[in-house]
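Data block below; observations after.
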Amino acid sequence: MKLGILALDYDGTIAEDGLLHPDVRRAIDDVRGRGIAVILVTGRILSDLRRVAGDLRSFDAVVAENGAVLAFPESGHALVLGHAPPPAFLDELTRRGVLTDVGACVVEADAVQAPEVLAAVRDLELPLALVFNRSRLMVLPQGISKATGFREALRALRLSEHNAIAIGDAENDHALLEACERGVAVGWGSAALKAAADEVLEGAGPPAVAGYLRHAAARERLGPPRVARRRLTLGQTADGQPVALAVQGRNVLIAGDPRSGKSWVAGLLCEQLILQRYCVCVIDPEGDYQPLQTLPGVVTLGGEDPPPRPREIARALRHPDVSVVIDLSKIRHDEKRDFVVALLPLLATLRRRTGLPHRIVVDEAHYFLHAPQVRSLLDLDLGGYTLVTYRAAQLHRDVLAASEAIILTRVSDPHEVQTLRELAGREGAAEAWTDTLRSLSIQEAVLFPSTEEARGRLLRFRLNPRLTPHVRHRQKYLDVPVAERDAFVFALDGTPTGQCARTLKEFARIVSEAAPAVLDGHLRRSDMSRWIADVFGDYPLASRLQSLEDLYRLHQALDIQDAIVQLIEERYALGDGVA
């Protein structure tokens, strides 16, 4: 993760006796000079904060009243995010002898008055919530918290919580720390907050925070948190235990045979990242990831259109809530290679400068990441890559060494198995590895032993279902040709007719027009179902087609050509048919 935002609590964190510590103010100036935004997030009433903290222009934004008020000190603009306390509620508190301070939304009181305040809320049936902050009690509209106000500030500044560190000390900071990619509790603060935080900042007061700010700003990449709160769910083991992967900044490698489920795994991870509001950029050489565009904030570039220009990609990735799929399926292989080799350094530069995209996915990675110049293409030290390949052995050794989490689908190639065993340092486990990796079904995968969550073993599990449909059954291969060597060659009595199919549309069209004598031999030998299974990996379609072939051999399928075309149309939704 690249640090782009610091979210700071005020009292007890960067202020002593209500005053902003001068060393913290200097540290804030230092980190803002590095291009890092600093947002103050406090329970204080804004007018009171201005009185005790002085000039607030040290901050890019101020979230006051525990999330109910948002202010931008440089412009002087302020926005109330909640509603004012009902007059009847204030009158009732006065009647009960509760002394209060009232802001635009918040009502503050001494925490010992909580029973009286709660009784007033209940008696008046008001949609208000009580929030404790050490010795103080805050009453706010329901749904208001430091996290909601902070997210509104980020939206205005076009920044992402996934580039943010939050630092706090008390009960009302839980939501803020949880909202940010890294939540830090000060060591002199709430025990409950320290237990929930990703990291605990030891020390004695604001000077320790000042040192932390400078150190965090100087680091290129944050190390793993003490507790990984954000995880991506992969599936379940045979005994029902969930398998999940910590997401923060790791390089992930997904490897396995062709048509073994690699893109399913990658898509499963992408779906969850996108729904957790990460900005994802997918380099999609074969058109496997188009269904992701059904998720919020996902745009597809390329595909039927020409490949996007660098400026177009950079413009799309300026928005932290936008993810991009770059579909290169319609261009030649050499054009794909040249495009990706030019694109990867641009993405690395963008991420160093802006923190976006949070994750870069490269499918068919062996085509692009095998040469010695791989370090000039990838910023492996910053992390956040997901690489997908059926030829892990062809990846440059620096790429393999930088893979902190490895997920394997079925692997049957002995050379690939040997490479993976060597990477894991498991020279003596040849037979067990070979048996396990070859036996994985299309719905299974394993975590590599060096992946922390695998705990030193090949952890086998069944994959979870996807939210978006898998493209192999929707669009892939309808128009995108397979390799010439994989084409279906139509023949009569063993002699090619001159017609061959490299896409499903071509196959369906030729079948619909072919002379019965041409189809006869293919149907009797089950050539068609075998081709669908071997080339496309669509075993359900192959099975249904084999049933038609069986019926044909039994002379029970009267209109075999229409039956085959209809089967393919139903499976792949050819739309306008095969004409």
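The values are calculated or read from the model by the stated rules, or taken from the named source; none is laboratory data. Everything quoted here is computed from the prediction, not taken from an experiment. Cβ coordinates were reconstructed from backbone atoms using ideal geometry, including for glycine residues, and neighbour counts include every protein chain displayed.
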Is it the case that segment 315-338 has a residue that's crowded, with 19+ Cβ neighbours inside 10 Å, closer than 30 Å to Glu484 by Cα and at pLDDT below 90?
yes
Give the residues of segment 472-513 that are part of a strand (DSSP E or B) and either at pLDDT below 90 or of a type in the set (Gly, Ala, Ser) (or both), sorted by residue number.
Ala491, Gly498, Ala501
Being surrounded by fewer than 14 Cβ atoms within 10 Å (Cβ to Cβ) and either out of contact with any Ser or Thr (no Cβ under 9 Å at 6 or more places or on another chain) or of a type in the set (Gly, Ala, Ser) (or both) is the requirement here; does Ser439 meet it?
yes
When residues of segment 78-103 are limited to those that are of a type in the set (Gly, Ala, Ser) and not in a loop (DSSP other than H, G, I, E, B), the one farthest from Val24 (Cα to Cα)
Ala88
Can you tell me how many residues in segment 364-421 are of a type outside the set (D, E, K, R) and in a loop (DSSP other than H, G, I, E, B)?
19
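Residue-by-condition table, conditions (1) out of contact with any helix residue (DSSP H, G or I) (no Cβ under 8 Å at 6 or more places or on another chain); (2) in a helix (DSSP H, G or I); (3) not assigned by TED's automatic domain parsing to the domain that holds Leu6:
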{"position": "Cys105", "(1), (2), (3)": "no, no, yes"}
{"position": "Gln113", "(1), (2), (3)": "yes, yes, yes"}
{"position": "Glu116", "(1), (2), (3)": "no, yes, yes"}
{"position": "Phe132", "(1), (2), (3)": "no, no, yes"}
{"position": "Leu137", "(1), (2), (3)": "no, no, yes"}
Scan segment 285-295 residue by residue and report those that are farther than 17 Å from Glu364 by Cα and in contact with a Lys or Arg (Cβ under 9 Å, 6 or more places away or on another chain).
Pro291
Here are some residues: Gly189, Gly205, Gly168. Which one is on the phi > 0 side of the Ramachandran plot and not assigned by TED's automatic domain parsing to the domain that holds Leu292?
Gly205
Run Leu177 past the list (1) under 30 Å from Pro449 (Cα atoms); (2) crowded, with 21+ Cβ neighbours inside 10 Å and report the number of the one that doesn't hold.
(1)
Of the residues in segment 304-324, those that are small (Gly, Ala, Ser) and out of contact with any Gly (no Cβ under 7 Å at 6 or more places or on another chain) number 2
Looking only at residues that are touching a residue at least 24 places away in the same chain (Cβ under 8 Å) and assigned to a helix (DSSP H, G or I) in segment 164-195, which one is nearest to the chain's Cα centre (by Cα)?
Ala179
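Taking segment 385-398, which residues are closer than 28 Å to Leu275 by Cα and surrounded by fewer than 24 Cβ atoms within 10 Å (Cβ to Cβ)? Quick ask: steps written out before the conclusion?
Restricting attention to segment 385-398, the residues satisfying the condition of being closer than 28 Å to Leu275 by Cα are 385-390.
Answer for segment 385-398, where residues must be closer than 28 Å to Leu275 by Cα and surrounded by fewer than 24 Cβ atoms within 10 Å (Cβ to Cβ): just Tyr390.
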Working only within segment 26-55, note down all residues that are within 35 Å of the chain's Cα centre (by Cα), small (Gly, Ala, Ser) and either part of a strand (DSSP E or B) or farther than 19 Å from Ala208 by Cα (or both).
Gly33, Gly35, Ala37, Gly43
Return yes or no: is Thr237 under 16 Å from Thr468 (Cβ atoms), surrounded by fewer than 19 Cβ atoms within 10 Å (Cβ to Cβ) and over 10 Å from the mean Cα position of the chain (by Cα)?
no
Before we move on, is Ala88 in the same structural domain as Phe132 (by TED's automatic domain parsing), without any contact (Cβ under 8 Å) to a residue 60 or more places away in the chain and crowded, with 19+ Cβ neighbours inside 10 Å?
no
Could you please give the count of residues in segment 56-77 that are farther than 12 Å from Thr148 by Cβ, part of a helix (DSSP H, G or I) and of a type in the set (S, T, N, Q)?
1
Among the residues of segment 130-152, how many are loosely packed, with under 15 Cβ neighbours inside 10 Å and small (Gly, Ala, Ser)?
2
For segment 443-471 the number of residues that are surrounded by fewer than 18 Cβ atoms within 10 Å (Cβ to Cβ), in a helix (DSSP H, G or I) and either at pLDDT below 90 or of a type in the set (S, T, N, Q) (or both) is 1
